[in-house]
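Take a look at the structure set out below.
The values are calculated or read from the model by the stated rules, or taken from the named source; none is laboratory data. Keep in mind the model is a prediction, meaning the values are calculated, not measured. Ideal geometry is used to build each Cβ from the backbone, glycine not excepted, and the neighbour counts take in all protein chains shown.
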Amino acid sequence: MNRIDPITLEVLRNRFDIIAQEEYVALKKSAFSLTIKEAGDCSAAVFTRNGELISQAASLSLHFGLISSAVKLIIDAYPTRQMEEGDLFIVNDPLGGGTMHPPDIVVATPILYGEEVVALGAVLAHQIEFGGKSAGSMSPDVTEVFGQGMLLPPLYLFRKGKRNEDVVNIIRKNVRVPDQVIGDIMGEVNAVNATKMSVLRTCDEFGGKVVVEAAEELLNRAEAMSRANIAAMPDGIYEFIDYADNDGVDFSKRLKLQAKVTISGSDLSVDFTGTGPQNKGAAGNLVFSATRSAVYHAVRVCLDPSIPNNAGCWRPVKVYAPEGTFLNPVLPAAIGPMNVSQRVADVVLGAMVKALPGKLPAAMNGNIGALTFSGVDPLLPQGTYVAGDFWVGGWGARPNKDGIDVLDIAIGNCANVPAESQELEAPYRVLQFSVRPNSGGVGQYRGGCGMIKIFELLRGSGEICHRSERHTTQPWGLYGGGPAKSWYSEIVRKSGEKEIIPAKLIFPMNEGDQLHLYSGGGGGYGDPLQRDEEAVLEDVLDGKVSVESARADYGVVIDSGPTTVNHETTRKLREELARKRGAINWTFDRGEELGKE
Amino acid sequence: MIDIATDIGGTFTDIALLEDGKRLYGLKVPSTPRKPVLGVKQGMEKILQNTGHTCDEVRGVLHGSTVATNAIIEQKGARLGILMTKGFEDVLEIGRQQRAALYDLSIDVQTPVFLAPRRRRMGITERIAASGEVVTKLDEHDVRRAVAALIEEHGAEAIAVCYLFSFLNPVHEIRTREIIESEFPGTGVSLSSKLSPIFREYERLCVTAFDAYVRPIVGGYVEQLEHGLAELGIKRHTYIIQSSGGLATARAAAEKPVNMILSGPAGGVMGGKFVANLANFKNVITIDMGGTSFDVALVREGKPIISREGRVCNYPLRVPMVDVNTIGAGGGSIAWLDAANGLHVGPQSAGSEPGPACYGLGGEEATDTDASVVLGYLNPDYFAGGELRLEKAASVKAIERIAERLGMDVPSTAFGIHRVLNSKMADEIRLITIRRGYDPREFAIVAMGGAGPVHAGVLAQSLEIPTIIVPELPGVLSAFGLLVANLECEQSTTFPMKLHEFDFVKANELLVELDRLGKEEMERDGIPFNQVSILRLADMRYVGQSFELEVPIPERIDSKSIVQIEQNFAEVNNRIYGQVKTGVPIEFVNFRSLYIHAMPQPDVLSTARAGSIEEALKGRREAYFGNGYISTPIYDRTKLPVGGKIEGPAIIEQADTTTVIYPKQSCHIDDFNNIIINALGG
């Protein structure tokens, strides 16, 4: 094979990135569903004809492994040499190895230059609805995948440029808001068609052969760079155990996550043997493609961020989860929760902390909270509505700085729905949207704070599907840094009665009922008694740390009127607290229940 | 009768003087960053003296300034207080909870919290519903207490007010301003309902907060400017350029200072328009490539494309602005190899210090400028007019290091560095033309900046753009651009309405009301309303979408014009997204009316230069165009005669830039001393 010249290679790398980025923007801007248009729960990517990802648009990290699995399914069912101009495929099929849950719909098209497939364009969008037991198709308490919405194996959505109306009609009959869903699927079609045009123009410019070879070479290079990074890590076996909340059916259940990371030369493998068995409820099972994608994410954040993002980064990584565990469930398991994917990433990162001491942050809040609101609004012309939102927590403190307050979790990157958009489209009012004080783990560097968000149902009655994580365990702090607050949610009924929500629950709402959400923070890093006194004062002034916590956790005494640090008493208090505590001889602080290790 | 335009830049203040609308003069004086108005005064005095004019003859003073931009970049704006609906004090900090980099765990906070930390963001008891009804009345006591705390305890100098749904019902924001003005007169107040009356609270708050943040600085600056001009004896209106490329009177500019924040690039684009007018092109792509960045914008049918989704320092700033797209590609862009020996160029820049290796100021990394030196495009002895001698040996050494690892020779590596950077810039141009439904082949390129005319020839070739215009004085173009700008003001209102349930009475009432406001604003500036042209637009979308498209609408909407509007919407949709959704209802979101008072346009006389091409020939230099070094003629720009023709390859040197005519290209000098390059040959 002719080695492609380095200049053309870089030109094409830029081009592939831009193509993916353009399509992501087009997809988002023409979308109808809040999840796509406001929250951006969608991704766009270009693939080699072998189904390896070449470039991706900056949206959700988790999606790229998923979209890759889905494209692989399509290619297995319809080998690329049989694909024809104008073919477009649609798939979800989570247990068959496709996306994470039924509403994640992948649309892909082969890109034929002359007679030959040179690449594939694909997008993934989380549709607001895809049928099944409850509106939004994300109910945590379903016990078989068949109740979760429509399952689509790889199918022709278009055949030689002609839409397959059979497929469209079946979807239309099975979803609650057909116009929105079909509209957004056609938005996916437009986006991949635009990818096709851009890739074809690129082939005109450089020749199809060069484009194909460049793609392969770019993957090889990303692989080489990733391997170099991994080879620089100390060989060894590193293990970590943590627990996810429940499966949406048995609320007292804890789901054991066990990861064994083996670093050997330039290879890295993760083995989840020891992880708990497949669960009954949908909220307790993550399909293997999502488990693998979560591992890819965790490894990726340990590598140099400037390595080009393509499937080459994943080639050194092997993932194993025994069949029948809740990270590799089998039929007829109900499946679904995105938030467990971050927990998988966190448990891998816990093990990686042992491999790379002093280099990685404390734990993130561990979750992306997802809500689906549905019901009947007497004021809406069409009557029914389905809307959603994401609420998020704080980031773990870093080895040299505080964690960020309220930012979507690393494995995701979804936006919130603005209160004004929410209220214009669904009969809910947002009463509060603010930073949650004292929720970040204490430390020399403080963990990021979580948030508080309160909704009230104004009219009619409806349902909320609440999907969350880290309600029963705490994000860990490192090297003396404290654990962060867990997540917490409750319903406050119009009568004043309160009901605690056990992380994953679907429940009715009536006029005047409120939903109160408190998201978790990130763990702290390093000895809180060493934290800069002025930094503690700033946090107190900004309401992120209370005066009491400043004293008890940081040993910083804040005088009032004017608010200043009392340096003398602070010095004495810090000495005393340090003496009582003794030396810091642990790495992780996982809070009251799981303790230090 | 004369018009004077002044544009303050980081290093120089550019001055242009237009005599009787026909003869144009330009000069540069050093900027005086501590007292920017001083430089303006000095420049004006100098140009008046040079041209033998007096202040009495001045018809208008046009001005461009980066004072608002710098306040933000340097984070030196006002001490700001923010009032928000109670419970939403942290909207500024949380933003949309998204980040730009996917895999980097060491990023910093992604929102402009520096504008006001939590202690200076106060919640006020009040609430407007999504219907616009008042749910909770404004607690005036709360306002008084919060404002007193902000001003007296926290030393706030300006206040931004952003209540939920104020774009539907501004009554609480207006009352809040009245309270502040009566109790704390002199405090700058910015209201979200006035500045950006459109939904999405974080984006609206950003506009409001940035406006308040620069308000005292801009107010003080405008006052100094008018005072300074008065001292010179000039009492005519002063007009200031806005981010939209339109002019506003100094008074109006100080009222909405947020509109000045991105006016710097707007001046450059208007300068490109000025040159395009001279050369008789209506559609141009302006490119401005300096040391660190590449700015590109479109002027279509004589009007710059306006965006409403701009950003300042990567924070959203939802105000109308000339759509200038910037990427990190400039003369200082660093060429580097990744761990797998992949060649990258930029976005990091060596800047001016240490600068490219050839500056000899300690920079060791190879940059685009070093490549240009190695390729023979730049004259080491005549860079920046000879002010800086470039060390070619240093360039060679820097590029050698990369060439060795790539297994290539030095000239082809240098050529490769150019190719990588050129393709990035061409991709950016593709993005803002083809992706928006414009065919780049219907445009001409106006090349500006020190590095723009070096690279423009290749960009034009790869985009099949036939013509490149290199203006004579790219250095003072921003000041010239002010002379072709119009006086503009925009009024907007939210108008949530489905097309199929259209309320003609309501719509026309709102349009009349916008006209009333536009008239009031124009008349305050002394412009009779019959001299104002009006551009009316609706923001529309399919029901259920979140992003709107801009569609032109007539003065009054009736059953006939609504059909036309629907067609216009379908056309815009098809152009941008390549799709028309049949059967999906369409809705209106906002009405916006743009009031334009055309300023007298210059009809610049030719300053034709005589002479011959031979006299302009300075010598020859070896230059590399991909296939061995070729002996290439070098011309002195200042001696090129009008009508003169040059075949490529050739290099044309002038103090502030270098123009490369690539092989198979040719150029001629037009009546205004512009270089017009025939980029595709033939």
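Just a few scattered comments:
- Residues that are touching a helix residue (DSSP H, G or I) at 6+ places or on another chain (Cβ under 9 Å) and either modelled with pLDDT under 90 or not hydrophobic (A, V, I, L, M, F, W, C) (or both), drawn from the stretch B:195-215: B:Ser196, B:Pro197, B:Ile198, B:Phe199, B:Arg200, B:Glu201, B:Tyr202, B:Arg204, B:Thr208, B:Asp211, B:Tyr213, B:Arg215
- Selection from the stretch A:7-42 of residues that are assigned to a helix (DSSP H, G or I) and among the charged types (D, E, K, R): A:Glu10, A:Arg13, A:Arg15, A:Asp17, A:Glu22, A:Glu23, A:Lys28, A:Lys29, A:Lys37
- Selection within the stretch A:400-419 - more than 18 Å from the chain's Cα centre (by Cα) and closer than 17 Å to A:Leu371 by Cβ: A:Pro418, A:Ala419
- Selection count, the stretch B:204-222, where residues are touching a Gly at 6+ places or on another chain (Cβ under 9 Å) and surrounded by fewer than 24 Cβ atoms within 10 Å (Cβ to Cβ): 3
- Check on B:Leu375, in contact with a strand residue (DSSP E or B) (Cβ under 6 Å, 6 or more places away or on another chain) and free of Cβ contacts under 8 Å to residues at least 40 places away in the same chain: no
- Every residue from the stretch B:151-200 that is surrounded by fewer than 22 Cβ atoms within 10 Å (Cβ to Cβ), small (Gly, Ala, Ser) and more than 18 Å from B:Met122 (Cβ to Cβ): B:Ser182, B:Gly186
- Filter result for A:Met83 (farther than 30 Å from A:Ala419 by Cβ and either buried (at least 24 other Cβ atoms within 10 Å of the Cβ) or at pLDDT 95 or above (or both)): yes
- The number of residues in the stretch B:82-99 that are of a type in the set (A, V, I, L, M, F, W, C) and either in a helix (DSSP H, G or I) or within 7 Å of chain A (Cβ to nearest Cβ) (or both) comes to 4.
- In this entry, A:Ala214 is excluded by the filter for residues that are part of a helix (DSSP H, G or I), in contact (Cβ under 8 Å) with a residue 40 or more places away in the chain, small (Gly, Ala, Ser) and within 30 Å of A:Leu286 (Cα to Cα).
- Identity of the residue in the stretch A:368-424, of a type in the set (Asp, Glu) and at pLDDT 90 or above, that ends up farthest from A:Ile452 (Cα to Cα): A:Asp402
- Filter pass, B:Gly132 being in a loop (DSSP other than H, G, I, E, B), more than 30 Å from A:Val299 (Cα to Cα), out of contact with any strand residue (DSSP E or B) (no Cβ under 8 Å at 6 or more places or on another chain) and modelled with pLDDT under 95: yes
- A count restricted to the stretch B:279-297 and to residues that are out of contact with any helix residue (DSSP H, G or I) (no Cβ under 7 Å at 6 or more places or on another chain) and either modelled with pLDDT of 95 or more or crowded, with 23+ Cβ neighbours inside 10 Å (or both) stands at 0.
- Between B:Gly544, B:Gly626, B:Gly611, the distinction of being in a loop (DSSP other than H, G, I, E, B) and more than 14 Å from chain A (Cβ to nearest Cβ) belongs to B:Gly611 only.
- B:Leu594, sole failed condition from (1) free of Cβ contacts under 8 Å to residues at least 12 places away in the same chain; (2) out of contact with any helix residue (DSSP H, G or I) (no Cβ under 8 Å at 6 or more places or on another chain): (1)
- Some residue of the stretch A:325-339 being crowded, with 24+ Cβ neighbours inside 10 Å and part of a helix (DSSP H, G or I): yes
- Residue list for the stretch A:114-154, filter: part of a helix (DSSP H, G or I) and crowded, with 23+ Cβ neighbours inside 10 Å: A:Val145
- Scanning the stretch A:419-433 for residues that are facing chain B (nearest Cβ under 7 Å) and surrounded by fewer than 24 Cβ atoms within 10 Å (Cβ to Cβ) yields A:Glu420, A:Ser421, A:Glu423, A:Leu424, A:Leu431, A:Gln432.
- When the stretch A:232-260 is filtered for residues that are loosely packed, with under 15 Cβ neighbours inside 10 Å and among the small types (Gly, Ala, Ser), the ones remaining, listed by number, are A:Ala232, A:Gly236, A:Ser252.
- Scope the stretch A:236-279; condition basic (Lys, Arg) and at pLDDT 95 or above; matching residues: A:Lys256, A:Lys260
- The set of residues in the stretch A:161-186 that are of a type in the set (A, V, I, L, M, F, W, C), in contact with a strand residue (DSSP E or B) (Cβ under 7 Å, 6 or more places away or on another chain) and closer than 16 Å to A:Ser33 by Cα comprises A:Val177, A:Ile185.
- Pair list, Cβ under 6 Å, 6 or more apart: the stretch A:6-21 residue more than 7 Å from chain B (Cβ to nearest Cβ), other residue of a type in the set (Ser, Thr, Tyr) and not in a helix (DSSP H, G or I): A:Phe16/A:Ser55; A:Asp17/A:Ser55; A:Ala20/A:Ser55
- Taken over the stretch A:362-417, the criterion of being among the β-branched types (Val, Ile, Thr), more than 8 Å from chain B (Cβ to nearest Cβ) and in a loop (DSSP other than H, G, I, E, B) is satisfied by A:Ile409, A:Ile411, A:Val417.
- Candidate set from the stretch B:100-150 (those that are small (Gly, Ala, Ser) and crowded, with 17+ Cβ neighbours inside 10 Å); member that is farthest from the other protein chains (Cβ to nearest Cβ): B:Ala146
- Take the conditions (1) crowded, with 18+ Cβ neighbours inside 10 Å; (2) within 25 Å of B:Asp108 (Cα to Cα); B:Arg311 misses just one of them, which is (1).
- Any chance A:Asp532 is under 17 Å from A:Gly443 (Cβ atoms), surrounded by 15 or more Cβ atoms within 10 Å (Cβ to Cβ) and either in contact with a Gly (Cβ under 7 Å, 6 or more places away or on another chain) or of a type in the set (D, E, K, R) (or both): no
- Qualifying residue in the stretch B:73-80 (condition: in contact with a Cys (Cβ under 7 Å, 6 or more places away or on another chain) and surrounded by fewer than 24 Cβ atoms within 10 Å (Cβ to Cβ)): yes
- Residue in the stretch A:43-55 that is part of a helix (DSSP H, G or I), crowded, with 23+ Cβ neighbours inside 10 Å, of a type outside the set (D, E, K, R) and within 14 Å of chain B (Cβ to nearest Cβ) present: no
- The listed residue being aliphatic (A, V, I, L, M) and surrounded by fewer than 16 Cβ atoms within 10 Å (Cβ to Cβ), out of B:Ala384, B:Ala366: B:Ala384
- Filtered residue count, the stretch A:192-206, keeping only those that are at pLDDT 95 or above and aromatic (Phe, Trp, Tyr): 0
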